[in-house]
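S.K.: Here you go, one structure.
The values are calculated or read from the model by the stated rules, or taken from the named source; none is laboratory data. In this text, all values refer to a predicted model and were calculated from it rather than measured experimentally. Cβ: placed from backbone, ideal geometry, glycine included. Neighbour counts: every protein chain shown. SASA here: full protein model, heavy atoms, side chains in, ligands and nucleic acids out. Shrake-Rupley method; radii C 1.70, N 1.55, O 1.52, S 1.80 Å.
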Amino acid sequence: MGFEKIVVPQEGTKITSSNGKLNVPDNPIVGFIEGDGIGYDIMTASKRIWDAAVNVAYNGNRKISWMEIYSGEKAASVYDGNYMPEETFDAMREFLIGIKGPLTTPVGGGFRSLNVTLRQVLDLYSCVRPVRWYRGVPSPLKAPEEVDVVIFRENTEDVYAGIEYESGTPENEKLARFLREEMGATFFEGAGIGIKPISAFGTKRLVRAAIQYAIDHKRKSVTLVHKGNIQKFTEGAFMKWGYEVAAQEFAEQTISWDDVASKHNGKVPEGKILIQDTIADIIFQKMILRPSEFDVLATPNLNGDYLSDAVAAEVGGVGIAPGANIGDAIAMFEATHGTAPKYTNLDKVNPGSLLFSGVMLLEHLGWVEAADLITKAYEKTLDQKLVTYDFARQMIGATEVSTSQFATTVIDNMSR
Ligand code: NAD
């Protein structure tokens, strides 16, 4: 396909997908969106580290060919004011795998979140956020090493579906009339109204991906996180459909908590993945007091949004937590924090979140040796207490380094 502004690298081959499996050549083309604000600094530093790791891990026999694609402020400058050009979606559909820096989203007006648009248009229905502690990272917990979970947040429905009607508009009044007169609903005059759709289809594909991940990565449990005690037909249904998909499609590999209690004296049989559920509010407490009891967590969109950031804070915060948005074939890896505009181009911030999103990308490609190399070199760098400002102010005896110096040290630590 020809693009207007995107330049496809001469060197490199397309990643393809067949029967749900990726075919990854030794020189794949991978898309990247630089991101606004601190995007340039963290993308530049992280690309150097990813490239070095691939080079060292495979003795120069593998290499990523990076292809810049555009969204956000850089897109607006390249595409004459268009923040989300159509060919960005086309490129992702064609090349399948990408990684992005943070993008600016206006609050309470302006255009819709570019991140949400990307997820919805490309149908990237699982937001995957692994949260674990890396040796040396400052944490408020006494035993941060007990935190090792992977959050699967549903990405396309719930209150994020964008079905909202502003108070005082004819649409709002029409819907309010219908709800009051035909459905018997009562609520205050002039209320803004939002709709929360949660479907069996949307729930099951998310929970299916979470269970498959647990199987592939030898995880012990999948916990369905929901607010079904209050929102019975949306959050409660999420729980019900989640158990259903486990029983109907993974009966061999999984067992529900009910069956463990009634048939196995409360002990999970060897080799089975436990499917359990918890109410959304209590999971915030449990993830602080007893994090080791959780493994893979599957949640609807809004709960997952809150939970991912809260759990990330236990092991160093969003400055280091990585993330990915994954559909059936297309995957977009992303820094989970925002654009931190006050630090733009200061070469100051922590590249950790984007860096580890790239580690997830390498694992997704099956390039685990390169991924592991980065994790080890990162831990070595933290042992040396060479860190960016955000960690330096929480660590005794640390030396503050710039984003680019941090990247150079991680690269140096790969070869030692
Ligand atoms: P933010 O994450 O940009 O920044 C909050 C604070 O966190 C910063 O001031 C900084 O102190 C710290 N921080 C963030 N990233 C860091 C890093 N890599 N290293 C060190 N410290 C870091 O959140 P915000 O200020 O609420 O949002 C700013 C903009 O980013 C908004 O336009 C918002 O919509 C957008 N945003 C985008 C994404 C995304 O693209 N995925 C996510 C969240 C917010």
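S.K.: Assuming Leu114 fulfils every condition listed in (1) within 16 Å of the ligand (Cβ to nearest atom); (2) over 17 Å from Asp328 (Cα atoms); (3) without any contact (Cβ under 8 Å) to a residue 60 or more places away in the chain; (4) surrounded by fewer than 19 Cβ atoms within 10 Å (Cβ to Cβ) apart from one, which condition is it?
M.R.: (4)
S.K.: Quick one: would you say Leu365 is open to solvent by 40 Å² or more (accessible area, probe 1.4 Å) and more than 16 Å from the ligand (Cβ to nearest atom)? Quick ask: steps written out before the conclusion?
M.R.: Values: open to solvent by 40 Å² or more (accessible area, probe 1.4 Å): no; more than 16 Å from the ligand (Cβ to nearest atom): yes.
For Leu365, the condition - open to solvent by 40 Å² or more (accessible area, probe 1.4 Å) and more than 16 Å from the ligand (Cβ to nearest atom) - is not met.
S.K.: Just to check your reading of the model, which residue among Asn59, Asn55 is open to solvent by 60 Å² or more (accessible area, probe 1.4 Å), in a helix (DSSP H, G or I) and under 23 Å from Ala377 (Cβ atoms)? Spell out how you get there, then give the answer.
M.R.: Details: Asn59 fails: in a helix (DSSP H, G or I).
Every option except Asn55 fails the conditions.
S.K.: Taking the criterion of being within 16 Å of the ligand (Cβ to nearest atom), among the hydroxyl-bearing types (Ser, Thr, Tyr) and under 28 Å from Pro144 (Cβ atoms), would at least one residue in segment 283-298 satisfy it?
M.R.: Of all residues in segment 283-298, those within 16 Å of the ligand (Cβ to nearest atom) come to none.
No, the conditions are met nowhere in segment 283-298.
S.K.: When the residues of segment 369-416 are narrowed to those that are part of a helix (DSSP H, G or I), acidic (Asp, Glu) and more than 22 Å from Tyr58 (Cβ to Cβ), which ends up nearest to the chain's Cα centre (by Cα)?
M.R.: Let us first name the residues in segment 369-416 that are part of a helix (DSSP H, G or I), namely 369-383, 389-392, 403-415.
Now narrow it down to the ones that are acidic (Asp, Glu): 369, 372, 379, 383, 390, 412.
Remaining after also requiring more than 22 Å from Tyr58 (Cβ to Cβ): 383, 390.
Numbers: Asp383: 27, Asp390: 21 Å.
Here the residue is Asp390.
S.K.: Within the set of pairs 6 or more residues apart or between chains, which connect a residue that is in contact (Cβ under 8 Å) with a residue 40 or more places away in the chain inside segment 1-27 to a residue that is open to solvent by 60 Å² or more (accessible area, probe 1.4 Å) with Cβ atoms less than 6 Å apart?
M.R.: That search, which allows pairs on different chains as well, returns Thr16/Asn23.
S.K.: Next question. Give Glu235, Glu171 a once-over and let me know the one that is outside any loop (DSSP other than H, G, I, E, B), of a type outside the set (Lys, Arg) and surrounded by fewer than 19 Cβ atoms within 10 Å (Cβ to Cβ). Show your work before the answer.
M.R.: Working: Glu235 fails: surrounded by fewer than 19 Cβ atoms within 10 Å (Cβ to Cβ).
Only one candidate passes the filter, namely Glu171.
S.K.: Let me ask another. Give me a count of the residues in segment 22-36 that are near the ligand (Cβ under 9 Å from one of its atoms) and open to solvent by 20 Å² or more (accessible area, probe 1.4 Å). Step through it out loud before you land on a result.
M.R.: Taking segment 22-36 as the starting set, the residues that turn out to be near the ligand (Cβ under 9 Å from one of its atoms) are 35-36.
Adding the requirement that they be open to solvent by 20 Å² or more (accessible area, probe 1.4 Å) leaves none.
Residues that pass the stated criteria total 0.
S.K.: Taking segment 78-103, which residues are farther than 24 Å from Arg48 by Cβ and away from the ligand (no atom under 16 Å from the Cβ)?
M.R.: Scanning segment 78-103 gives Tyr79, Asp80, Gly81, Asn82, Pro85, Glu86, Glu87, Phe89, Asp90, Arg93, Glu94.
S.K.: In addition: Could you check Glu235 against (1) farther than 27 Å from Ala329 by Cβ; (2) at pLDDT below 95 and say which number it fails?
M.R.: That leaves (2) as the condition not met.
Each row is one residue, and each column tells you yes or no for (1) surrounded by fewer than 23 Cβ atoms within 10 Å (Cβ to Cβ); (2) part of a helix (DSSP H, G or I); (3) among the polar types (S, T, N, Q); (4) touching a Lys or Arg at 6+ places or on another chain (Cβ under 6 Å).
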residue: Asp277; (1), (2), (3), (4): yes, no, no, no
residue: Lys286; (1), (2), (3), (4): yes, yes, no, no
residue: Ala298; (1), (2), (3), (4): no, no, no, no
residue: Leu302; (1), (2), (3), (4): yes, yes, no, no
residue: Ile320; (1), (2), (3), (4): no, no, no, no
residue: Phe333; (1), (2), (3), (4): no, no, no, no
residue: Lys348; (1), (2), (3), (4): yes, no, no, no
residue: Phe356; (1), (2), (3), (4): no, yes, no, no
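S.K.: Across segment 134-149, what is the number of residues that are farther than 14 Å from Ile288 by Cβ, under 21 Å from the mean Cα position of the chain (by Cα) and open to solvent by 70 Å² or more (accessible area, probe 1.4 Å)?
M.R.: In the first step, residues of segment 134-149 are kept if they are farther than 14 Å from Ile288 by Cβ; the result is 134-138, 145, 148.
With under 21 Å from the mean Cα position of the chain (by Cα) added as a condition, the list becomes 134, 137, 145, 148.
Among the residues that remain, those that are also open to solvent by 70 Å² or more (accessible area, probe 1.4 Å) are: 145.
Number satisfying all stated conditions: 1.
S.K.: Listed residues Ala246, Ala312; which is more than 20 Å from Lys218 (Cβ to Cβ) and in a helix (DSSP H, G or I)? So that I can check it myself, show each step before the final result.
M.R.: On the way: Ala246 fails: more than 20 Å from Lys218 (Cβ to Cβ).
Being more than 20 Å from Lys218 (Cβ to Cβ) and in a helix (DSSP H, G or I) holds for just one of Ala246, Ala312, which is Ala312.
S.K.: Test Asp216 against the criterion of being on the phi < 0 side of the Ramachandran plot, open to solvent by 70 Å² or more (accessible area, probe 1.4 Å), more than 25 Å from the chain's Cα centre (by Cα) and without any contact (Cβ under 8 Å) to a residue 60 or more places away in the chain, and give yes or no.
M.R.: On the way: on the phi < 0 side of the Ramachandran plot: yes; open to solvent by 70 Å² or more (accessible area, probe 1.4 Å): yes; more than 25 Å from the chain's Cα centre (by Cα): no; without any contact (Cβ under 8 Å) to a residue 60 or more places away in the chain: yes.
Against the criterion (on the phi < 0 side of the Ramachandran plot, open to solvent by 70 Å² or more (accessible area, probe 1.4 Å), more than 25 Å from the chain's Cα centre (by Cα) and without any contact (Cβ under 8 Å) to a residue 60 or more places away in the chain), Asp216 does not qualify.
S.K.: Right, here's the next one. Restricting the search to segment 238-249, which residues are under 15 Å from Thr299 (Cβ atoms), aliphatic (A, V, I, L, M) and open to solvent by 10 Å² or more (accessible area, probe 1.4 Å)?
M.R.: Residue satisfying the conditions is Met239 alone.
S.K.: Could you figure out which of (1) among the aliphatic types (A, V, I, L, M); (2) free of Cβ contacts under 8 Å to residues at least 60 places away in the same chain; (3) open to solvent by less than 20 Å² (accessible area, probe 1.4 Å) isn't true of Ala200?
M.R.: Result: Ala200 passes all but (3).
S.K.: What are the residues in segment 312-343 that are closer than 19 Å to Thr375 by Cβ and away from the ligand (no atom under 12 Å from the Cβ), if any?
M.R.: Keep residues of segment 312-343 that are closer than 19 Å to Thr375 by Cβ, which gives 312, 314-324, 333-336.
The answer is Glu314, Val315.
S.K.: Condition first: of a type in the set (Asp, Glu) and in contact with a helix residue (DSSP H, G or I) (Cβ under 8 Å, 6 or more places away or on another chain). Now tell me which residues in segment 373-411 satisfy that. Don't jump to the end; show me each part of the working.
M.R.: Keep residues of segment 373-411 that are of a type in the set (Asp, Glu), which gives 379, 383, 390, 400.
If the condition is that a residue be of a type in the set (Asp, Glu) and in contact with a helix residue (DSSP H, G or I) (Cβ under 8 Å, 6 or more places away or on another chain), then Glu400 is the only one that fits.
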